[in-house]
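Participant: Sharing a structure with you now.
The values are calculated or read from the model by the stated rules, or taken from the named source; none is laboratory data. All of these numbers come straight from a predicted model, not from anything done at the bench. Neighbour counts run over all protein chains shown; Cβ positions are idealised from the backbone, glycine included.
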Amino acid sequence: MADQPKPPKKPILPTLTRLAADSLVETIDGPVEIVKLVGKVMPVLTRFPSGDLGFRMMTQIREIEPEADLIRLTNADGQVLRVGADHVFVRASGEEARAREIAAGDELDSGWSYPRGYEVPDAAEYAEDARGKAWHDPVIVRTVESGERGPLYGASVKETKSYYLTFGARSRAQE
């Protein structure tokens, strides 16, 4: 029996994602570390052009650099995210920005929202400066630090080409 030719492999798309192994992605199963998704296909939270939230498939999840400088971001709720300098976020304004361009006080597009006028409860699980105030939708970057190193992971997302991290911010997967 003659060897059958194998179908050509799908090309690997260039990625704008540069996540540290422990970065949590908002999947249909809840938060999952990107490193645990390598080689899999997973529905992830995204925003459609209409503004609605929904799920699309994250594919081509892979290690893209074995060792790289990492930037550590902390949001107003105290959540921490580590990414590569070229990781692309979506600002609250809709503009894109690489992690190296993000500064304390910057506002990033948020995947969570409450009705207009909602007040944050005066409870310990909320940042002190947010308690008892009207809900402010964007993810607010509290600190930006560098100095750590680690592997970076990338992925693609079908249709919307973006996804949300458990950190709250939307990221671009590819052009």
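Participant: Taking the condition out of contact with any Gly (no Cβ under 7 Å at 6 or more places or on another chain), closer than 25 Å to D86 by Cα and surrounded by 13 or more Cβ atoms within 10 Å (Cβ to Cβ), does A104 pass?
Facilitator: No.
Participant: Looking at this structure, is G105 part of a loop (DSSP other than H, G, I, E, B), under 18 Å from L165 (Cα atoms) and either of a type outside the set (D, E, K, R) or modelled with pLDDT of 95 or more (or both)?
Facilitator: Judged against the criteria, G105 is not a match.
Participant: Report whether or not D69 is of a type outside the set (F, W, Y), assigned to a loop (DSSP other than H, G, I, E, B) and closer than 23 Å to R149 by Cβ.
Facilitator: Criteria not met by D69.
Participant: If you don't mind, there's one more thing I want to ask. If you scan the range 136-148, which residues turn out to be in contact with an Asp or Glu (Cβ under 7 Å, 6 or more places away or on another chain) and either among the hydroxyl-bearing types (S, T, Y) or farther than 15 Å from T74 by Cα (or both)?
Facilitator: S146
Participant: Within the range 53-105, work out how many residues are among the acidic types (D, E) and closer than 21 Å to S156 by Cβ.
Facilitator: Selection size over the range 53-105: 4.
Participant: From Y164, Y126, grab the single residue that is out of contact with any strand residue (DSSP E or B) (no Cβ under 7 Å at 6 or more places or on another chain), hydroxyl-bearing (S, T, Y) and touching a residue at least 24 places away in the same chain (Cβ under 8 Å).
Facilitator: On the way: Y164 fails: out of contact with any strand residue (DSSP E or B) (no Cβ under 7 Å at 6 or more places or on another chain).
Unique residue meeting the criteria: Y126.
Participant: Do the conditions hold for A92, that is, is it touching a Leu at 6+ places or on another chain (Cβ under 9 Å), within 22 Å of F48 (Cβ to Cβ) and of a type outside the set (S, T, N, Q)?
Facilitator: yes
Conditions (1) closer than 26 Å to A21 by Cβ; (2) modelled with pLDDT under 90, marked per residue:
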site	(1), (2)
E101	yes, no
G117	no, yes
A123	no, yes
G132	no, yes
G147	yes, yes
Y163	yes, no
G168	yes, no
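Participant: Looking at (1) at pLDDT 95 or above; (2) part of a loop (DSSP other than H, G, I, E, B), which is the one condition that is false for Q174?
Facilitator: Checking Q174 against (1) at pLDDT 95 or above; (2) part of a loop (DSSP other than H, G, I, E, B), the one that fails is (1).
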